[in-house]
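The values are calculated or read from the model by the stated rules, or taken from the named source; none is laboratory data. The structure presented is a predicted model; accordingly, all values stated were derived computationally and were not measured. Glycine gets a Cβ as well: all are built from the backbone with ideal geometry, and neighbour counts include every protein chain shown. All accessible areas refer to the heavy atoms of the entire protein, side chains included, with ligands and DNA or RNA removed. Shrake-Rupley method; radii C 1.70, N 1.55, O 1.52, S 1.80 Å.
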Amino acid sequence: MHEIRCEIDTEYRSTEALADLAWRWLVEGADRLEGESFRELLDSTGQVEESLKKSVPCGPPGSLWGFLSAHIVGRGRVTNRSRVLTRKNLPMLRKWLVLDVQRAEVAVYRLDDRGMPGEELLRMGVARDESSRDWVRLSAETSEGRFGPAAQVRMTELLRDFSQEVDPSYAQVGYSLTLGRTEHEERVGPPLPSMTLPQSRRLLRGYEWLMVIPREIAQELGGGNGIAAAGDFHRVETLRDGAVLLQVTPEFDGFSGEVTERTWRLLRPALRPGMPRCFESDAWGPPSRIWYADID
């Protein structure tokens, strides 16, 4: 089963600003995406705290289980701190986030018949790239099998609301790929997201079914009105700072074929040039969702 990834990229502003943003993305975001299941997990009493350090059952088979973690930079090294995800442990996450956080996560699982982590239901993340620490990436991942129409609406509105706030340099919902790359990056390059983030207000990192075009590029494309007039898209919304949310089709599976080509033609002036490549591993990976042509 393939994973679906939501990502929002923006500039790092300060530790204080990141702490507040990260808390709301990790906790409020998880609540918005998982709702009753997330709240049930926070208030559960069958969690085994030692399960993060020892190979022991995490709780009753079939129950929900999760963890919160942070990688913190201090005195020239990175330390990892983690706790089982319960309401009583959430204040610890707040304390970690005011430090120099490199990455923080909240993850939710369904325990298998042995009481060990089985299906991962949700993983929320906030990260500063080791090579591009001037940038912050908010992410949310879930399995494709759980990404039905209702889940798509919840993730769309989460991406929209946070994008309204942070003036993103790029945002999208698509298949989760190696190292957090977009498919355009994976097939055209360069090889690492840290190499595209510094240019992401001038060149799009990629394009997808649901995406946010940064205000600088949106202006070059004629703003929200110009983008809406360029194609029969499901939703075009100008956000507070001038970025444009583009939802190409009503549902995730509709982004293919002629629709993909139409999206590529609209965004072609802002994409990094190069002919997308195919790989032998494609047979096992998620379906390709880009148009196979060079922008030149």
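Can you tell me which residues in the range 267-296 are aromatic (Phe, Trp, Tyr) and either at positive phi or at pLDDT 95 or above (or both)? Trp291, Tyr292, listed by residue number. The number of residues in the range 24-40 that are out of contact with any Asp or Glu (no Cβ under 7 Å at 6 or more places or on another chain), at pLDDT 95 or above and open to solvent by less than 30 Å² (accessible area, probe 1.4 Å) comes to 7. Evaluate the following for His2: is it open to solvent by 50 Å² or more (accessible area, probe 1.4 Å) and within 30 Å of Glu208 (Cβ to Cβ)? Criteria met by His2. Selection of the range 41-56 for residues being touching a Ser or Thr at 6+ places or on another chain (Cβ under 7 Å), outside any helix (DSSP H, G or I) and surrounded by fewer than 18 Cβ atoms within 10 Å (Cβ to Cβ) yields only Gly46. Among residues of the range 227-238 that are on the phi < 0 side of the Ramachandran plot, those with a beta-carbon under 7 Å from a residue that is in a loop (DSSP other than H, G, I, E, B) and open to solvent by 50 Å² or more (accessible area, probe 1.4 Å) at least six positions away or on a different chain give the pairs His234/Pro250. Can you tell me how many residues within the range 67-98 are hydrophobic (A, V, I, L, M, F, W, C), open to solvent by less than 20 Å² (accessible area, probe 1.4 Å) and within 22 Å of Ser37 (Cβ to Cβ)? Residues flagged as hydrophobic (A, V, I, L, M, F, W, C), open to solvent by less than 20 Å² (accessible area, probe 1.4 Å) and within 22 Å of Ser37 (Cβ to Cβ) within the range 67-98 amount to 5.
The single condition among (1) closer than 22 Å to Pro168 by Cα; (2) in a helix (DSSP H, G or I); (3) at pLDDT 95 or above that Glu7 does not satisfy is (2). List every residue pair whose Cβ atoms lie under 8 Å apart, where the two residues are 6 or more positions apart in sequence or sit on different chains, the first residue falls within the range 50-65 and is at positive phi, and the second residue, located anywhere, is at pLDDT 90 or above and open to solvent by 70 Å² or more (accessible area, probe 1.4 Å). Pairs found: Gly62/Arg110; Gly62/Asp113.
Against the list (1) polar (S, T, N, Q); (2) in contact (Cβ under 8 Å) with a residue 60 or more places away in the chain; (3) closer than 19 Å to Trp25 by Cβ, the condition Ser143 fails is (3).
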